[in-house]
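Asks: Sharing a structure here in structure tokens format.
The values are calculated or read from the model by the stated rules, or taken from the named source; none is laboratory data. Since the structure is predicted, the reported quantities are computational estimates derived from the model, not experimental observations. Cβ: placed from backbone, ideal geometry, glycine included. Neighbour counts: every protein chain shown. The protein model used for the area step is the full one, side chains on, heavy atoms only, and it has no ligands, DNA or RNA in it. Shrake-Rupley method; radii C 1.70, N 1.55, O 1.52, S 1.80 Å.
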Amino acid sequence: MSRKRKRAAPKGRSQKKIENSGYSSGGANLQSNILKRYMPLKLSSKSDIDSNLHVLRNRASDEAINTPIGAAAIGTSTLNAIGTGLTLFPRLKHRILGISPDEAREWSRKVRQEFEMWASSKDCDIYRRNNFYDLQYIAYMAYLTDGDSFALFRRKEPTPWMPYSLRLQVLESNRVSNPLLATAVPYGPSSVEVRNTENGNRIVSGVEVDNDGGIAAYWVSNKVPYDLVDINGVVQWQRVEAFGPRTGMPNILQICHDIRADQYRGVPYLAPVIETLKQVSRYTTAELASAIVKTFFSLFFTQSTTSMDVGDVLGSPYGSYDGVEDEGQKPIVDVGEYALGAGTLNALPKGVDVKAVDASNAQSTFKPFLDELIKQVGAALNIPSEVLTKAFNSSYSASRAALLQAWDEFKARRVWFARDFCQPVYEAWLTEAVATGRIEAPGFFDDPLIRNAWCNAEWFGPAMSILDPTKDVTGSHLRVLYGLSTREREAAEMTGSDYEDNLAQIAYEKEKMNELGVTETDNVAAAAAAPAPGPDESQKGGNDDEEMLENPQSGIIYGRS
């Protein structure tokens, strides 16, 4: 039988291999030696976040306390976002309310004074230890360290010195957890959920949610569970409804910024960099120990083997006898007979030599390697390494760019914090002030739109660090000049002050100076009378923005011409 031969493929043609498109040759490649064993799983927020929260909180808290870079990250964000506290600036919508701008300003001034009376007093704290601005600092730092923090609205009888009953109680995140009650049945041994048998709701890491996933209540314990030091009674959980059934206002606040759609608890700020921070800490500790060893100066006395016999090398086979120590085990010399000092001569026995231990182990790669790790930490936390380490060794432009990028992060977190904490507290306080008659707000309880118009406010905190005050003030002046900002906003953002208060104080100071015959001579007034630069001078450099920054008075002169 003749065998049939396989027909070869026509020349110029090749059999095509079926391949997937898109990421099959990239991030989803299953053939690459680098990626074929890299098979992570993205599951629900309960699996990815809630089941790991206990470990994440403990490690992040340790990093924030015991590592310099971790403490710097938490402290830098808190200092720049909150500082000494966010200040209230009421911005009621006078057009909706049908009042004039002057009436709106007068109402805002009165509300600020009334709110300041409550906020600056330690009576606003249920523990009477901190005022409202200090509570902001505590709540924000706890939110960064643990991923979220809580604040309870409490009530106490008004007193002659505090006419308001509103009190705040700030809680750390580990006070809100799944209750160990007979009415709370877990779904499984590894589940982070329990079921409230009284109403059928689910409780996820202390947050009770209804069938639609909406937050219904929080389960708050009287102390931190499993704390062996705090022995003040047994742990008990209290169910706190998230919102009042009659008013719809919150009874408890959760300061948190979600990163997943179905997330109920926050992730610690340091979670993405915990491993890197720990390695940096270990590396720094090892280098510090090495540097300490380098400071030691050790000497060893050695004896030449040429002058030894077999007995000196091997020693006595019977060891010491009659209480006499073996000669081979004795020190070569008595170190107490020799000393180091200026102009000191020491005579050593014959055959004895001195050797110094070389402790030099210079690590020239320590600083570059550490700088690269800190850059990665800063990039993950949205804080440039220059701001994180407080080291501005580059040019003015580079340092300012680092500050501006960090400032974007701080402003965003300030807005989030004001939405979650400051504004709800202000609305709760204003509601009581209107209800008790201390503040007049017609229609406050009649229409939600009117109430929202009365409650509208802005919160300003510390200003960005200024490297060159002249350039920053010039930029502020130009923003106002071209209608990009207002004097009131610039005063609040740059110095945290009130523009009208500044004008009143300036008017008083000028009046007092005129009364005492003091003449004010400043360079700005003198520069305003100087002639404008000629055409040759105005064309130098070719960069008007840079020239205006270098010559800030030119912006003032051009603005007036």
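Asks: What order, most packed first, do the peptides 93-101, 118-126, 243-251 have when packing is the mean number of other Cβ atoms within 10 Å of each residue?
Replies: Averaged packing, sorted descending, gives the order 118-126, 93-101, 243-251.
Asks: For a 23 Å ceiling on Cα separation, which of these pairs sit above it: LYS156/LYS223; LYS278/LYS390; LYS411/LYS471; LYS294/LYS367; LYS223/LYS278?
Replies: Correct reply: LYS223/LYS278.
Asks: Could you tell me whether the stretch 104-150 comes out rounded, prolate or oblate from its Cα gyration tensor? Rule is a ≥ b ≥ c as square roots of the eigenvalues, rounded for a/c under 1.5, then prolate if a/b exceeds b/c, otherwise oblate.
Replies: oblate
Asks: Still on this model: State the Cα centre-to-centre distance between the stretch 235-267 and the stretch 412-432 in whole Å.
Replies: The distance from the Cα centre of the stretch 235-267 to that of the stretch 412-432 comes to 15 Å.
Asks: If you don't mind, there's one more thing I want to ask. What does the accessible area per residue of the stretch 217-262 come to in Å², with a 1.4 Å probe and no ligands, DNA or RNA counted?
Replies: Spelled out: the 1.4 Å probe surface of the stretch 217-262, per residue, equals 67 Å².
Asks: Just the number, please: carbon plus sulfur as a percent of the accessible area of the stretch 91-176, 1.4 Å probe, no ligands or DNA/RNA counted.
Replies: 49
Asks: OK, next. Taking the Cα centre of each part, how many Å lie between the stretch 89-168 and the stretch 41-81?
Replies: 29
Asks: For ALA71 and GLU458, calculate 0.36 nm times their separation in residues minus their Cα-Cα distance, and state this gained length in nm to one decimal.
Replies: 136.4 nm
Asks: FRET efficiency for VAL224 and LEU288, Cβ-Cβ distance as r, R0 = 35 Å, nearest 0.05?
Replies: For R0 = 35 Å, the calculated efficiency reads 0.55.
Asks: Given a 1.4 angstrom probe, I'd like the percentage of the accessible area of the stretch 409-500 that is carbon and sulfur, rounded to a whole number.
Replies: 53
Asks: Also, I was wondering about something else. Cβ neighbours within 10 Å, averaged per peptide: list 208-214, 454-460 in order, most packed at the top.
Replies: In decreasing order of mean packing, 208-214, 454-460 become 454-460, 208-214.
Asks: Mind grabbing the accessible area of PHE366 for me, 1.4 Å probe, Å², rounded to tens?
Replies: 50
Asks: Using the Cβ atoms and a cut-off under 13 Å, what net charge is assigned to the surroundings of VAL194, where Lys and Arg are +1 and Asp and Glu are -1?
Replies: Spelling it out: positives minus negatives among the neighbours equals 0.
Asks: Provide the gained length on full extension for the span GLN405 to GLU241, in nm with one decimal, where the gain is 0.36 nm per separating residue minus the Cα-Cα distance.
Replies: Contour length minus the Cα-Cα distance gives 55.1 nm.
Asks: What distance in nm separates the simple spin-label points at SER485 and ASP262, each placed 7 Å from Cα in the Cβ direction?
Replies: Inter-label distance under the simple model: 4.4 nm.
Asks: Can you figure out the FRET efficiency of ASN502 with SER120, using R₀ = 22 Å and their beta-carbon distance, to the nearest 0.05?
Replies: Working from the Cβ atoms, E equals 0.65.
Asks: I need the calculated FRET efficiency for the pair TRP161 and TYR396, taking r as the beta carbon distance and R₀ as 51 Å, to the nearest 0.05.
Replies: 0.50
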